[in-house]
2 protein chains.
Amino acid sequence: MKLTSKGRYAVMALADLARFDNISPVSLRDISLRQGISLDYLEQIFSKLRKKEIVQSIRGTQGGYVLNKKAKDIKLTNIFDAVDEKVKTVQCKKESKKGCNGKSTKCLTHNLWDELENHINNFFKEKSLEDLVKENIERRI
Amino acid sequence: MKLTSKGRYAVMALADLARFDNISPVSLRDISLRQGISLDYLEQIFSKLRKKEIVQSIRGTQGGYVLNKKAKDIKLTNIFDAVDEKVKTVQCKKESKKGCNGKSTKCLTHNLWDELENHINNFFKEKSLEDLVKENIERRI
DNA sequence: AAGATACTTGACTATTTTAGTCAGGTTTAT
DNA sequence: ATAAACCTGACTAAAATAGTCAAGTATCTT
């Protein structure tokens with residue numbers, strides 16, 4: 001059970017962005033350097049974030065990215081959703097008609113996995129980008 | 001972020017075992033049939049569970065496996081631990097001297113990943129095999 | 001107008017992990 | 001004896017991951 005770097009990088013990059021974008025657009029190059037993430041990879045990630053309207057892009061010299069919403073309105077769940085970082089505990093889900101594994105009943109542990117998914121997703125739904133930045137500033141003082 | 005089948009199968013198989021082992025040892029063949037998990041794969045999994053003393057094996061005809069502890073004393077965390085299903089959110093952890101990415105400070109999101117890991121692990125620490133079986137029986141009635 | 005900076009897109013690929021399979025054992029109840 | 005069931009280690013196909021690479025386009029500054 002592990003978080004992929006795509007999801008992790010997306011959050012790291014946005015946390016970085018949230019700290020600096022009130023001054024001026026932040027270039028991926030800067031984020032790349034500060035966070036140690038490959039520029040090419042960041043471009044992939046931000047392309048998705050832009051399509052989901054989490055960030056806005058500004059082209060040209062002095063360009064970069066800015067947040068498209070207030071930091072408190074961007075939850076981790078929105079970020080993970082944008083980069084296709086899904087919480088998945090089990091396959092037996094979609095075939096609503098039948099139970100799991102094509103059998104007529106739910107598998108013994110079905111409810112457990114549902115609970116687990118909810119448990120994790122709740123964490124992601126509650127936590128906002130603002131929380132992240134705040135925690136960080138507080139620790140610095 | 002997903003659960004691997006190894007961890008999932010281990011829990012499913014043990015839940016199955018917990019329901020039947022008060023009568024007689026349960027053969028992997030039976031579990032394989034009931035849960036739809038390959039026998040060969042189950043053998044790999046139970047080898048690990050036995051080494052961690054979660055189950056006990058009984059060889060020969062009429063043999064099989066039984067739980068080695070009471071169902072309420074077997075937590076999901078013990079099961080996942082036995083089959084190497086780890087919760088991992090981030091790499092930057094072990095190099096205790098330095099911060100993340102070899103830098104002198106913690107990465108912006110370090111605490112977040114720690115929180116997330118704890119959040120998930122708490123779920124695994126609380127949930128026992130007994131809980132699972134109970135919930136299931138209750139649902140059936 | 002030129003050049004530099006920075007975003008944009010899509011294809012490509014090496015590595016790692018996963019999810020098993022396969023083959024050959026050993027033990028023990030009947 | 002023999003069949004059921006455990007035991008072990010090696011092997012592998014397929015998928016996912018974590019990027020790289022190449023070839024653009026847009027816009028600001030001078």
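The values are calculated or read from the model by the stated rules, or taken from the named source; none is laboratory data. For clarity, every value in this text was computed on a predicted model and none was experimentally measured. Cβ atoms come from the backbone with ideal geometry, glycine included; neighbour counts cover every protein chain shown. Calculation scope for accessible area: heavy atoms of the full protein, side chains included, ligands and nucleic acids excluded. Shrake-Rupley method; radii C 1.70, N 1.55, O 1.52, S 1.80 Å.
Looking at A:13, A:18, can you tell me which residue is among the aliphatic types (A, V, I, L, M), within 16 Å of DNA strand D (Cβ to nearest atom) and open to solvent by less than 90 Å² (accessible area, probe 1.4 Å)?
Being among the aliphatic types (A, V, I, L, M), within 16 Å of DNA strand D (Cβ to nearest atom) and open to solvent by less than 90 Å² (accessible area, probe 1.4 Å) holds for just one of A:13, A:18, which is A:13.
Please enumerate the residues belonging to the stretch A:6-45 that are among the polar types (S, T, N, Q) and under 11 Å from residue A:64 (Cβ atoms). Of everything in the stretch A:6-45, those that are among the polar types (S, T, N, Q) and under 11 Å from residue A:64 (Cβ atoms) turn out to be A:24, A:27. For the stretch B:114-139, the candidate set comprises residues that are closer than 24 Å to residue A:125 by Cβ and in contact with a strand residue (DSSP E or B) (Cβ under 9 Å, 6 or more places away or on another chain); within that set, the residue that is surrounded by the fewest Cβ atoms within 10 Å (Cβ to Cβ) is B:126.
Does residue A:86 meet the test of being over 12 Å from residue A:10 (Cα atoms) and under 13 Å from the mean Cα position of the chain (by Cα)?
yes
Residues in the stretch A:109-117 include at least one that is within 13 Å of chain B (Cβ to nearest Cβ), within 16 Å of DNA strand D (Cβ to nearest atom) and modelled with pLDDT of 95 or more.
A single entry from B:30, B:40 fulfils the requirement of being surrounded by fewer than 17 Cβ atoms within 10 Å (Cβ to Cβ) and touching an Asp or Glu at 6+ places or on another chain (Cβ under 9 Å): B:30. Restricting the first member to the stretch A:61-82 and to residues that are of a type in the set (Ser, Thr, Tyr), and the second to residues that are open to solvent by 60 Å² or more (accessible area, probe 1.4 Å), the beta-carbon pairs closer than 9 Å and six or more apart or on different chains are A:65/A:50; A:65/A:56; A:65/A:58; A:77/A:125; A:77/A:126. What residue, among those in the stretch A:32-56 that are within 11 Å of chain B (Cβ to nearest Cβ) and in a helix (DSSP H, G or I), is farthest from DNA strand D (Cβ to nearest atom)? Ranking the candidates gives A:34 first.
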